[in-house]
Structures are given as structure tokens and as C-alpha cells.
1. Among what's in segment 43-54 and is within 20 Å of Asp74 (Cβ to Cβ) and out of contact with any Lys or Arg (no Cβ under 9 Å at 6 or more places or on another chain), pick the residue that is surrounded by the fewest Cβ atoms within 10 Å (Cβ to Cβ).
2. Looking at segment 55-80, I want the residues that are surrounded by 13 or more Cβ atoms within 10 Å (Cβ to Cβ) and have a partner that is small (Gly, Ala, Ser) and part of a helix (DSSP H, G or I) with Cβ atoms under 6 Å, at least 6 apart or on another chain. Which pairs are those?
3. Right, Thr6: under 25 Å from Lys94 (Cα atoms), modelled with pLDDT of 95 or more and surrounded by fewer than 16 Cβ atoms within 10 Å (Cβ to Cβ) or not?
4. Would you be able to say whether some residue in segment 46-64 is under 22 Å from Arg11 (Cβ atoms) and at pLDDT below 90?
5. Regarding segment 29-40, can at least one residue be identified that is touching a Leu at 6+ places or on another chain (Cβ under 8 Å) and among the aliphatic types (A, V, I, L, M)?
6. Which condition breaks for Glu40 when tested against (1) in contact with a helix residue (DSSP H, G or I) (Cβ under 7 Å, 6 or more places away or on another chain); (2) surrounded by 12 or more Cβ atoms within 10 Å (Cβ to Cβ)?
7. For segment 7-42, which positions are β-branched (Val, Ile, Thr) and farther than 14 Å from Arg77 by Cα?
8. From the set of residues in segment 34-67 that are assigned to a loop (DSSP other than H, G, I, E, B) and of a type in the set (Gly, Ala, Ser), which is nearest to the chain's Cα centre (by Cα)?
Amino acid sequence: MNASLTAAIHRYRGDWNTYLANCLDAEARGEPDNLPLTYEPAMLALEAWELPAQDICEAMMALQLAVEDYDAGDTPRIPAMMNAALGWLVAEQKRRTAI
């Protein structure tokens, strides 16, 4: 994966919000709101994420997304984001003990 976790999370959130806005607009016009799932590529990228977070901010973003997903219902993003955050914490602990 070439993108940072931060970029991947922002891309997902942006694509998801755009999808929701388009659904609401369609509904307001009286049109069907079963639009193409334009957020799906970004969602799948997060579900497949296997790299640790690169810093504490990414770790926090990953955990925040996992908590939001948990509150909304179980998704494959939860373990992926928790593993990204945990990966950074483990690496940071090793770094600090090596000093």
C-alpha cells in the first residue's frame, strides 16, 4: 500500500460522506437513493490494511475509526485499524526500551 493510513482514512471518510450526501440529495428530489457504492474502494483499502500506523496521530485515527465502526456495527475495518494502532504502539515501546 502506497498511501499513508491517514490518507486512507480521510479518503474513506470523504467518499462515505459524499455518498451519503448524494443519497440524501436523490431522496430529496424523489429519486431512488440506491446509488453506486462509490466509497467501496476506500472502504476495502482500510479493511485490507496490514501496516502499522506511522505515528501516534495515525494510531489514534485508526482507533477512533474502529470505535465508530464498533458503535455502528461490526465491520472488517475494526481489527485492521486496531492492528494498525497496536503495531505502532509495539514499535514505539521497542524504540523507547532501546534508548
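The values are calculated or read from the model by the stated rules, or taken from the named source; none is laboratory data. Quick caveat, the model's predicted, so the values are computed rather than measured. Counting neighbours? That spans all protein chains shown, and the Cβs are built from the backbone with ideal geometry, glycine included.
1. Of everything passing the filter in segment 43-54, Glu50 is surrounded by the fewest Cβ atoms within 10 Å (Cβ to Cβ).
2. If the second residue must be small (Gly, Ala, Ser) and part of a helix (DSSP H, G or I), the pairs left are Ala59/Ala85; Ala62/Ala84; Ala62/Ala85; Leu63/Ala85; Ile78/Ala66.
3. Working: under 25 Å from Lys94 (Cα atoms): yes; modelled with pLDDT of 95 or more: yes; surrounded by fewer than 16 Cβ atoms within 10 Å (Cβ to Cβ): yes.
Taking the combined requirement at face value, the residue satisfies it.
4. Start the filter on segment 46-64 by keeping residues that are under 22 Å from Arg11 (Cβ atoms), which leaves 46-64.
Then drop every residue that is not at pLDDT below 90, which leaves none.
Within segment 46-64 (the criterion being under 22 Å from Arg11 (Cβ atoms) and at pLDDT below 90), the answer is no, since none of the residues qualifies.
5. First pass over segment 29-40, keeping only residues touching a Leu at 6+ places or on another chain (Cβ under 8 Å): 33.
If we keep only those that are among the aliphatic types (A, V, I, L, M) too, we end up with none.
No, segment 29-40 has no match at all.
6. For Glu40, the exception is condition (1).
7. The initial filter retains those residues of segment 7-42 that are β-branched (Val, Ile, Thr), namely 9, 18, 38.
Once the filter is applied, which keeps residues that are β-branched (Val, Ile, Thr) and farther than 14 Å from Arg77 by Cα, segment 7-42 yields Thr18, Thr38.
8. Keep residues of segment 34-67 that are assigned to a loop (DSSP other than H, G, I, E, B), which gives 34-39, 48-55.
From the residues that got through so far, the ones that are of a type in the set (Gly, Ala, Ser) too are 48, 53.
Values: Ala48: 10, Ala53: 12 Å.
Selected residue: Ala48.
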